[in-house]
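Student: The structure follows.
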Amino acid sequence: MRTHAQAVIIGGGVVGCSILYHLAKAGWTEVVLLERDELTSGSTWHAAANIHGLHDSTNISRLQHYTMTLYKELEEETGQSCGVFQPGSLYLAQTEEREHQLRLQEAKARRYGMNFHEVSRDEAERLHPLVDYDGIRCIMYEPDGGNVDPSGVTNAYALGARQRGAEIIRFCPVTATEQQPDGTWIVRTEKGDIRTPWVVNAAGLWAREVAAMAGVSLPLIPTEHQYFVTETIAEIAAMDRRLPSVADRDGEYYLRQEGQGLLVGAYEKDMRFWAEDGTPQGFGHELFADDLERIEPNMMRAIDRVPVVGEAGIKRVINGPMIWSPDSSALFGPVPELTGYFCCCGIIPGFSQSGGLGRLAAEWMVEGEPSLDLFGWDLARYGHWAGKAFTKARVADQYAHRFKIHFPGEERDAGRPVRTRPAHAMQAAMGAKFGLNYGWEHPLFFDETTDDSAGFTRQPWWEAVGREARMLRDKTGIIDISNFAKYRVTGAGAEDWLNALFPNRMPTSIGRSCLTPLIGKRGGVAGDFTVTKLAEDEFWILGGGAAERFHQRFFRALPLPDGTTFESLTEATCGFNVAGPEARTLLSRLTNADLSNDAFPFFRSQRITVAGVDCVAIRVSFTGDLGWELHCAEADQIALYTALLDAGKAVGAGPVGSRALMSLRLEKGYGSWGRDYSPEYWPQESGLDGLIRTDKDFLNKDSWLKIKDIPAREEMVLLSIDAKNADASGGEPIFLPDGTPIGQVSSGGYGYSVGQSLALAYVKAGQVAPGDTLHVAILGQPHTARRLAKPPFDPEGHRLRDLQAEPA
């Protein structure tokens with residue numbers, strides 16, 4: 001056994017072996033995988049091992065497509081069979097919403113050259129004559145869908161890795177992972193110790209226990225999951241081909257051929273947790289007792305759709321464990337608080353995703369960053385607030401609603417609230433409906449008579465959000481921005497450290513502010529921030545709250561100078577944005593500070609007192625309107641909010657939620673990180689290259705220099721769309737009128753004050769001029785759109801700066 005390795009992977013399931021294979025393929029041949037038992041023990045060996053390419057997330061579709069095509073290549077490369085069966089998959093829609101989902105996925109498939117298309121009922125009956133298609137609105141077919149052999153795939157990865165020099169040690173449980181002063185790790189086992197710069201936790205059911213050795217807590221919990229296989233079915237035995245699998249997600253089951261029978265699995269409402277306090281060390285290839293009564297409602301729906309299921313005997317039942325994250329997506333990436341500790345845990349459709357996860361994990365460790373933006377899978381989306389009670393409640397909801405559509409902007413109630421601000425009860429009494437942002441409850445909109453809801457089409461709250469948006473544009477609105485991430489850097493070295501971190505030049509005068517991107521390892525946009533100088537040796541940084549833990553990786557990459565401190569203020573402070581044409585009038589009733597243009601210009605900051613509350617005030621607003629951000633101590637939130645609302649009554653102002661804010665920023669064409677700005681896109685593609693100063697050093701400057709003179713591949717544009725009952729939300733493909741794919745929406749919504757359905761989008765650079773017509777696949781159907789030359793609201797920025805417009 002090696003004593004030194006470039007990486008040590010803990011866990012010999014399909015994901016661990018894929019990571020080992022891809023690291024070796026990337027050139028890291030001195031890598032070791034440690035497995036406590038035999039390869040595939042835990043969850044891998046008993047998986048149904050279905051494979052499919054399409055997902056609601058575009059990037060996950062891309063990595064699943066990569067995985068599906070990899071298996072045949074693995075077989076050719078290693079000579080090890082992966083047991084690949086690809087008779088195709090039929091996707092059935094019983095409801096209008098499911099039809100919208102499938103048509104949108106079909107449009108994405110056309111955008112990315114994937115094989116997924118609609119078939120008629122006649123064609124579906126030819127493909128799978130045992131299905132009763134009554135009541136089905138729409139049928140899609142994925143010719144490459146199917147299933148694989150779990151053991152075959154895992155061993156193919158293992159063999160491919162060994163052929164490249166990787167080492168696999170079975171029956172070798174890890175007893176400790178100890179970080180050394182130089183940042184490397186010692187992985188201790190009964191067979192010896194290994195020193196390595198990278199520990200990879202791919203321990204599956206034991207991911208929590210392995211993480212705890214490094215002082216890390218992962219929000220994971222196992223459940224039981226059942227499927228059964230029928231005896232031989234005569235109609236199948238008589239066929240000379242394999243039947244496609246059936247994805248009848250409205251029926252809440254999955255079904256495919258297994259041997260000469262059928263395999264049927266379900267995610268039942270009456271679910272069961274397992275090993276809540278820790279996975280037993282001796283567990284390996286065991287199963288639980290059958291309990292088919294729990295999944296009987298799902299079975300009956302499967303029998304209604306495929307009647308032969310009800311006529312066949314049951315050959316065997318598999319009831320085994322799976323381990324889930326709170327949103328059923330992987331916990332993926334380096335732990336931000338540690339050096340060299342990587343996680344890839346909580347994967348549910350492992351055989352659809354193993355190849356993509358392995359490739360991206362290898363990219364992250366070898367190259368410093370994955371080629372796809374997978375923030376939705378990044379473990380940094382959860383923080384210390386995601387404790388056991390939250391995780392358990394969310395997993396129960398995810399399991400029981402495994403096949404429920406995840407609508408754009410959907411907020412699920414399970415496990416909430418976790419973190420609230422002092423004004424939460426006050427806002428609830430005002431009719432606020434709340435969303436979740438990095439654990440924080442924040443108002444989405446205010447309306448006592450309208451509940452929150454989610455769907456692909458405009459929802460009942462659409463009008464309530466419109467009233468808030470128009471109120472802010474006509475009068476003024478008060479937006480709770482407490483969930484923004486806020487940091488303070490102090491000390492003599494603060495300015496130098498910030499200049500070494502960010503590519504824009506930091507403000508040198510007290511009260512000045514700047515916008516700046518953060519550059520990733522591949523030269524893309526890893527973040528966007530406002531930085532303001534409040535004192536000679538004090539700066540505040542404001543950024544996206546959901547990305548607070550994600551950005552810690554970048555902040556930790558640069559050591560702080562002696563005597564310089566960095567601290568997060570997000571938990572200790574709250575904030576409000578007072579924005580709209582009457583914002584100055586409102587605030588002038590509550591402060592003695594001079595808010596005139598001369599005394600408090602746009603993008604300046606001051607410490608002022610508002611209604612007796614000490615605030616950091618920054619004259620800026622994401623609405624694109626005249627406005628100030630006011631940041632105060634959390635203990636003062638209610639006092640400040642009460643005063644703002646009371647004073648607002650005189651000018652017709654009121655509370656405004658985040659959904660209206662997202663509409664208002666679209667009217668100005670403002671991008672939002674995590675939606676429109678991403679590490680995948682270069683600054684020159686996102687319109688942020690003007691904020692980069694190449695006459696100074698900054699984090700990942702070398703990456704920027706490599707790509708700065710390369711012409712943009714795509715460019716971010718603003719579109720106005722002819723839409724009547726649904727708006728773009730993000731991910732919708734865009735085509736030229738002749739059907740040629742040309743881009744995709746990054747975010748969208750309705751601009752209430754300008755009366756237009758709007759979207760920010762990335763299209764192939766240089767191919768779409770202002771005024772050109774495009775087709776956006778909202779609900780999977782083409783909607784005519786045109787590129788706008790300027791934002792529809794205040795294109796010259798007169799309102800934002802409170803300037804008089806030039807005479808016509």
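Student: For the range 148-159, what are the residues that are within 31 Å of the chain's Cα centre (by Cα) and open to solvent by 10 Å² or more (accessible area, probe 1.4 Å)?
Tutor: Result: 149, 150, 151, 155.
Student: I've got another one for you. Got a sec? Which strands (runs of 3 or more DSSP E) wholly within the range 560-635 have at least 2 residues that are open to solvent by 60 Å² or more (accessible area, probe 1.4 Å)?
Tutor: Of the strands (runs of 3 or more DSSP E) lying wholly inside the range 560-635, those with at least 2 residues that are open to solvent by 60 Å² or more (accessible area, probe 1.4 Å) span 565-568, 605-610.
Student: Okay, next question. So, in the range 493-537, how many residues would count as being open to solvent by less than 10 Å² (accessible area, probe 1.4 Å), assigned to a strand (DSSP E or B) and out of contact with any strand residue (DSSP E or B) (no Cβ under 6 Å at 6 or more places or on another chain)?
Tutor: Of the residues in the range 493-537, 1 are open to solvent by less than 10 Å² (accessible area, probe 1.4 Å), assigned to a strand (DSSP E or B) and out of contact with any strand residue (DSSP E or B) (no Cβ under 6 Å at 6 or more places or on another chain).
Student: Against the definition (buried (at least 23 other Cβ atoms within 10 Å of the Cβ) and either aromatic (Phe, Trp, Tyr) or out of contact with any His (no Cβ under 8 Å at 6 or more places or on another chain) (or both)), how does residue 240 come out, yes or no?
Tutor: Working: buried (at least 23 other Cβ atoms within 10 Å of the Cβ): no; either aromatic (Phe, Trp, Tyr) or out of contact with any His (no Cβ under 8 Å at 6 or more places or on another chain) (or both): yes.
Judged against the criteria, residue 240 is not a match.
Student: Follow-up question, since we're still on this one. Step by step: first the residues of the range 757-770, then only those that are touching a residue at least 40 places away in the same chain (Cβ under 8 Å) and assigned to a strand (DSSP E or B), then the one that is nearest to residue 711 (Cα to Cα). Which residue is that? Explain how you work it out, then say what you get.
Tutor: Our first condition is that a residue be touching a residue at least 40 places away in the same chain (Cβ under 8 Å); within the range 757-770, this holds for 758-766, 768.
Checking which are assigned to a strand (DSSP E or B) leaves us with 758-764.
Details: 758: 26, 759: 23, 760: 20, 761: 18, 762: 14, 763: 14, 764: 11 Å.
Result: 764.
Student: While we're here: Quickly run through the range 188-226 and pick out the residues that are assigned to a strand (DSSP E or B), over 17 Å from residue 361 (Cβ atoms), over 29 Å from the mean Cα position of the chain (by Cα) and not acidic (Asp, Glu).
Tutor: Across the range 188-226, the qualifying residues are 188, 189, 192, 194, 195.
Student: Please count how many residues of the range 207-232 are open to solvent by 10 Å² or more (accessible area, probe 1.4 Å) and either over 19 Å from residue 11 (Cβ atoms) or not hydrophobic (A, V, I, L, M, F, W, C) (or both).
Tutor: Residues meeting the conditions: 10.
Student: I'd like the residue in the range 412-430 that is crowded, with 16+ Cβ neighbours inside 10 Å and more than 20 Å from residue 639 (Cβ to Cβ) and, out of all such residues, is nearest to the chain's Cα centre (by Cα).
Tutor: Step by step, filter the range 412-430, then rank; the result is 412.
Student: Take the residues in the range 771-791 that are open to solvent by less than 40 Å² (accessible area, probe 1.4 Å) and part of a loop (DSSP other than H, G, I, E, B), then tell me which one is nearest to residue 476 (Cα to Cα). Lay out the reasoning, then the answer.
Tutor: Residues of the range 771-791 that are open to solvent by less than 40 Å² (accessible area, probe 1.4 Å), as a first pass: 774, 776-780, 783, 785, 788, 791.
Narrowing further to those that are part of a loop (DSSP other than H, G, I, E, B): 779-780, 788, 791.
Details: 779: 34, 780: 37, 788: 27, 791: 20 Å.
Among those residues, the one meeting the criterion is 791.
Student: Of everything in the range 685-713, what is within 16 Å of residue 669 (Cβ to Cβ) and crowded, with 19+ Cβ neighbours inside 10 Å? Give them in sequence order.
Tutor: 685, 686, 688 - these are the residues of the range 685-713 that are within 16 Å of residue 669 (Cβ to Cβ) and crowded, with 19+ Cβ neighbours inside 10 Å.
Student: So if I check each of 170, 162, 137, which one is modelled with pLDDT of 95 or more, in contact with a helix residue (DSSP H, G or I) (Cβ under 7 Å, 6 or more places away or on another chain) and open to solvent by 40 Å² or more (accessible area, probe 1.4 Å)?
Tutor: 137
Student: Looking at the range 310-365 only, could you name the residues that are of a type in the set (D, E, K, R) and within 23 Å of residue 213 (Cα to Cα)? Step through it out loud before you land on a result.
Tutor: Quick first cut of the range 310-365, residues of a type in the set (D, E, K, R) only: 311, 315-316, 327, 337, 359, 363.
337 - this is the single residue of the range 310-365 that is of a type in the set (D, E, K, R) and within 23 Å of residue 213 (Cα to Cα).
Student: Here's a follow-up. Counting only residues that are among the small types (Gly, Ala, Ser), give me the strands (runs of 3 or more DSSP E) lying completely in the range 651-747 with at least 1 of them. Don't jump to the end; show me each part of the working.
Tutor: Numbers: elements: 654-656, 714-721, 733-735.
Once the strands (runs of 3 or more DSSP E) in the range 651-747 are filtered for at least 1 residues that are among the small types (Gly, Ala, Ser), what remains is 654-656, 714-721.
Student: Next up: Any idea which residue in the range 538-549 is most open to solvent (accessible area, probe 1.4 Å), counting only those that are in a helix (DSSP H, G or I) and of a type in the set (A, V, I, L, M)? If you could, list the steps in order and put the result at the bottom.
Tutor: Here is the first cut: in the range 538-549, the residues in a helix (DSSP H, G or I) are 545-549.
Checking which are of a type in the set (A, V, I, L, M) leaves us with 546-547.
On the way: 546: 39, 547: 4 Å².
Checked the range 538-549; the qualifying residue most open to solvent (accessible area, probe 1.4 Å) is 546.
Conditions tested, residue by residue: (1) in contact with a Pro (Cβ under 7 Å, 6 or more places away or on another chain); (2) part of a strand (DSSP E or B); (3) open to solvent by less than 30 Å² (accessible area, probe 1.4 Å).
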| site | (1), (2), (3) |
| --- | --- |
| 61 | no, no, yes |
| 64 | no, no, yes |
| 67 | no, no, yes |
| 74 | no, no, yes |
| 77 | no, no, no |
| 90 | yes, yes, yes |
| 104 | no, no, yes |
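Student: Looking only at residues that are among the charged types (D, E, K, R) and part of a helix (DSSP H, G or I) in the range 455-476, which one is farthest from residue 381 (Cα to Cα)? Let's see the steps before the verdict.
Tutor: Of the range 455-476, the ones among the charged types (D, E, K, R) are 458, 463, 467-468, 470, 473-475.
From what is left, the residues that are part of a helix (DSSP H, G or I) are 463, 467-468, 470, 473-474.
Working: 463: 31, 467: 32, 468: 29, 470: 33, 473: 33, 474: 36 Å.
Among those residues, the one meeting the criterion is 474.
Student: Going by the conditions given, is residue 443 open to solvent by 30 Å² or more (accessible area, probe 1.4 Å) and within 17 Å of residue 483 (Cα to Cα)? Even if it seems obvious, please write down each step before you answer.
Tutor: Numbers: open to solvent by 30 Å² or more (accessible area, probe 1.4 Å): no; within 17 Å of residue 483 (Cα to Cα): yes.
The answer is no for residue 443.
Student: Let me ask something additional. Identify all residues within the range 477-492 that are more than 30 Å from residue 642 (Cα to Cα) and not in a strand (DSSP E or B); write none if there are none.
Tutor: Residues satisfying the conditions are 491, 492.
Student: Any residue in the range 734-742 that is crowded, with 22+ Cβ neighbours inside 10 Å, hydrophobic (A, V, I, L, M, F, W, C) and in contact (Cβ under 8 Å) with a residue 12 or more places away in the chain? Write out each step before concluding.
Tutor: Step one: list which residues in the range 734-742 are crowded, with 22+ Cβ neighbours inside 10 Å, which gives 734.
Still in the list and also hydrophobic (A, V, I, L, M, F, W, C): 734.
Now narrow it down to the ones that are in contact (Cβ under 8 Å) with a residue 12 or more places away in the chain: 734.
Yes, the conditions are met somewhere in the range 734-742.
Student: Take the range 244-287 and flag every residue that is open to solvent by less than 50 Å² (accessible area, probe 1.4 Å), more than 16 Å from residue 49 (Cβ to Cβ) and assigned to a loop (DSSP other than H, G, I, E, B).
Tutor: 252, 267, 268, 271, 274, 275, 278, 279, 283, 284
Student: Now a separate question. What number of residues within the range 1-37 satisfy the criterion of being among the aromatic types (Phe, Trp, Tyr) and crowded, with 24+ Cβ neighbours inside 10 Å? Even if it seems obvious, please write down each step before you answer.
Tutor: Taking the range 1-37 first, the residues among the aromatic types (Phe, Trp, Tyr) are 21, 28.
Right, trim to crowded, with 24+ Cβ neighbours inside 10 Å and you get 21.
Going through the range 1-37 one residue at a time, the tally reaches 1.
Student: Sticking with this one: Does the range 293-304 contain at least one residue that is in a loop (DSSP other than H, G, I, E, B), of a type outside the set (Lys, Arg) and on the phi < 0 side of the Ramachandran plot? Even if it seems obvious, please write down each step before you answer.
Tutor: Taking the range 293-304 and keeping what is in a loop (DSSP other than H, G, I, E, B), we get none.
Looking through the range 293-304, none of the residues is in a loop (DSSP other than H, G, I, E, B), of a type outside the set (Lys, Arg) and on the phi < 0 side of the Ramachandran plot.
Student: For the structure I just gave you, tell me whether residue 122 is open to solvent by 10 Å² or more (accessible area, probe 1.4 Å), assigned to a helix (DSSP H, G or I), farther than 17 Å from residue 249 by Cα and out of contact with any strand residue (DSSP E or B) (no Cβ under 6 Å at 6 or more places or on another chain).
Tutor: Working: open to solvent by 10 Å² or more (accessible area, probe 1.4 Å): yes; assigned to a helix (DSSP H, G or I): yes; farther than 17 Å from residue 249 by Cα: yes; out of contact with any strand residue (DSSP E or B) (no Cβ under 6 Å at 6 or more places or on another chain): yes.
When the stated conditions are applied, residue 122 passes them.
Student: Right, here's the next one. Give me the residue from the range 672-683 that is surrounded by fewer than 22 Cβ atoms within 10 Å (Cβ to Cβ) and of a type outside the set (Ser, Thr, Tyr) and, out of that set, nearest to residue 713 (Cα to Cα).
Tutor: 680
Student: Go through the range 354-383 and give me each residue that's more than 14 Å from residue 201 (Cβ to Cβ), assigned to a helix (DSSP H, G or I) and open to solvent by 10 Å² or more (accessible area, probe 1.4 Å).
Tutor: Across the range 354-383, the qualifying residues are 359, 363, 366, 367, 381.
The values are calculated or read from the model by the stated rules, or taken from the named source; none is laboratory data. What you are looking at is a predicted structure, and each value in this text was computed from that prediction instead of being measured. Note: ideal-geometry Cβ built from the backbone for every residue, glycine included; neighbour counts use all protein chains shown. With ligands, DNA and RNA removed, areas are computed over all heavy atoms of the protein, side chains included. Shrake-Rupley method; radii C 1.70, N 1.55, O 1.52, S 1.80 Å.
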